[in-house]
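Only one structure is covered here, and it is reproduced in the block below.
The values are calculated or read from the model by the stated rules, or taken from the named source; none is laboratory data. None of these values were measured; they are calculated from a predicted model. Cβ: placed from backbone, ideal geometry, glycine included. Neighbour counts: every protein chain shown. Only protein heavy atoms, including side chains, enter the accessible area calculation; ligands, DNA and RNA are left aside. Shrake-Rupley method; radii C 1.70, N 1.55, O 1.52, S 1.80 Å.
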Amino acid sequence: MGVDTRTLKAQVDLRLIVEQDLGPAPMRGRQALLWRCPFHDERKGYSLAVWADGFRCFGKCQVSGDVFDWLQRYRRLSFQEALRALGEAPRSAPRLAANRPAPPAEPPPSEWQVAARQVVEQAEETLWSCQGEQALDYLTGRGLAGETIREAHLGVVPGGYRQWRTIAGLSVPCGITLPWLTGETVWAVKVRRAAGQPKYVQIAGGSCSGLYRGDALPGAKAVLFCEGEFDALLAHQEAEPLVTAVSLGSAGTGLNDRWIIDLVTVPLILVAYDVDQAGAKGATRLQALSKRAHVIRVPYGKDITEFHLQGGDVFTWLAHELRRVRQDAILTPPVH
Ligand SMILES: [Zn+2]
């Protein structure tokens, strides 16, 4: 064929080609740009990561490949057509510099927030009525105190785990409601169902770019990223003001730029994700944000809740980790 595809590939930045196809990237990592994956018609997340030399879906379909695979799969070109397209593809990546950050996420529209607030209020009222007994038992069984549960405005929509209710015009799965509030703003409402997969379902219309307890960031001396909301609540209950606990809701979710500005002033960032593969991956991603970020692990158990329920002292553990990390920072000269 006489065409050196390797040289051709090296000259092309796949991110620019995907940008032509899918528009500007809604999320940006340090190397990769992230889009909703078109191959599995993704609605919620941004599973498609694209680097200069390849792409991969970290979500449902897991497709991956190089620039030729992209052109053949997405644009449905033949190999010959792909070669021709590459000859005309943009060659450099000047616009991919860090000086063009994605706009920070905005909270959901106010009409949605009004309806979501009604859901939250009704569910909270139910939790503290006799209908909420079982849910309350579950929450206290996770080590959460009544005051913590109230402060977090947790609630319950009673019913079987397969059932949904319509409240304030929103379709709500039955289960324990976890509102993502920052001040007056409702970013999202997640529901933990008693069974079934996925266990956590977000009420449609909410944002995936929130940060659970994110409004606690300003003025924080140290921030603790927990993998889930319940862990964040427990850490908040047991160890504030030592650390300010927040959560992205899952190990796979990245931090939206909106929250970075509040993190800039925090001297120390701890990441305590679950002791499993997804947790390790998510922690590494957060660690890459800043030299002030340190990955820590619970001494035993899979996560903070399990550690606490098995008799671990969350406050003592975190105090120890903070001392250790600060000591390291003093002993290790800064690198550039
Ligand atoms: Zn996909």
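Worth pointing out:
- In segment 252-308, the residues that are within 21 Å of E229 (Cβ to Cβ), of a type in the set (K, R) and surrounded by fewer than 17 Cβ atoms within 10 Å (Cβ to Cβ): K281, K302
- Of the criteria (1) modelled with pLDDT of 85 or more; (2) more than 12 Å from the ligand (Cβ to nearest atom), which one S92 fails: (1)
- Residue that is nearest to V12 (Cα to Cα) [pool: residues in segment 53-82 that are away from the ligand (no atom under 12 Å from the Cβ), at pLDDT below 90 and part of a loop (DSSP other than H, G, I, E, B)]: D53
- Verdict on G45 being within 16 Å of the ligand (Cβ to nearest atom) and modelled with pLDDT of 90 or more: no
- Within segment 177-192, the set of residues being open to solvent by 10 Å² or more (accessible area, probe 1.4 Å) and under 14 Å from G155 (Cβ atoms) comprises W180, L181, K190, R192.
- Taking first residues from segment 148-169 that are modelled with pLDDT under 95 and partners that are part of a strand (DSSP E or B), the Cβ contacts under 6 Å between residues at least 6 apart in sequence or on separate chains come to W164/S171; W164/P173; R165/V157; R165/V172.
- When E238 is tested against (1) among the charged types (D, E, K, R); (2) modelled with pLDDT of 95 or more; (3) under 20 Å from A220 (Cα atoms); (4) surrounded by fewer than 20 Cβ atoms within 10 Å (Cβ to Cβ), exactly one condition is not met: (4).
A quick yes/no check of all residues on (1) basic (K, R); (2) outside any strand (DSSP E or B); (3) open to solvent by less than 30 Å² (accessible area, probe 1.4 Å):
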position	(1), (2), (3)
R6	yes, yes, no
K9	yes, yes, no
L16	no, yes, yes
E19	no, yes, yes
A25	no, yes, yes
C37	no, yes, yes
Y46	no, yes, no
A49	no, no, yes
